[in-house]
Amino acid sequence: MKRIIIFAFALLLLGCKGNSQEKEKAVSKTEEKERSFPLEKTDAEWRASLTDMEYYVLRKAGTENAGSSELLNNKEKGTYVCAACGTALFRSEHKFDSGSGWPSFDREIENAIAYDVDYKIGYKRTEELCANCGGHLGHVFEDGPRETTGLRHCVNGAALDFVPDGK
Ligand code: FE
């Protein structure tokens, strides 16, 4: 009996995995077909112009390890720009400590971000991309500070460069 239960559970797990991969494929196919951005480069050009970590996050929608970004505890006044194309994305006054291990903001700079939906970890999440180059930045969740926007833009520090005010 125990064996049957384990076998059924294994089947169930495999089923879930297959399902989420299909969804992932479907989403990335749509992206390839429909999405275009003002700044387009070939994969080889992106590879040449970004560090390995920037390329992994921005072009392959990777996620840096929690707590790994130098920008996580940055409290200086300034603008967070796209590490790939320099577009201004977030302001320091909208940054807050979410405790997640990733730089977090309660709002973006208007029109700087494009949104998409991904199913990469099996459930629906709102992905955010640089509206100019299409680089993957992170995700938006609705568990941000209630006293402001209620949103938490959870952004990979590797996708950002910081420009202090006055520079
Ligand atoms: Fe960009």
Checklist line | Within the accessible area of the stretch 66-167 (1.4 Å probe), percent carbon and sulfur | finding: 47
Checklist line | Solvent-accessible area per residue for the stretch 35-130 (1.4 angstrom probe, square angstrom) | finding: 56
Notebook entry, point to check: Which order do peptides 154-160, 99-105 fall in by mean Cβ count within 10 Å, highest first?
Noted result: 154-160, 99-105
Margin query: I'd like the accessible area for D52, computed on protein heavy atoms only with a 1.4 Å probe and all protein chains in place. Round to 10 Å², please.
Written below: 140
Checklist line | Integer Hz, Karplus 6.51/-1.76/1.60 couplings in order for the stretch 56-72, x for Gly and Pro | finding: 4, 6, 6, 9, 10, 6, x, 10, 6, 5, 4, x, 8, 7, 5, 7, 4
Check: Rg (Å, one decimal) plus Dmax (Å, integer) for the alpha carbons of the stretch 42-164?
Finding: 13.4, 44
Next item on the list: With all protein chains present, calculate the accessible area of K60 using a 1.4 Å probe and round the result to the nearest 10 Å².
Entry: 120
Next item on the list: Kindly flag which residue pairs out of K60/K95; K77/K120; K124/K167; K95/K167 have an alpha-carbon separation exceeding 30 Å in this structure.
Entry: K77/K120; K124/K167
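The values are calculated or read from the model by the stated rules, or taken from the named source; none is laboratory data. This one's a predicted model, so the numbers in the text were calculated from it and none came from an experiment. Cβ sites come from the backbone with ideal geometry, for glycine too, and all protein chains shown count toward neighbours. Protein only, heavy atoms only, side chains kept; ligands, DNA and RNA dropped before computing areas. Shrake-Rupley method; radii C 1.70, N 1.55, O 1.52, S 1.80 Å.
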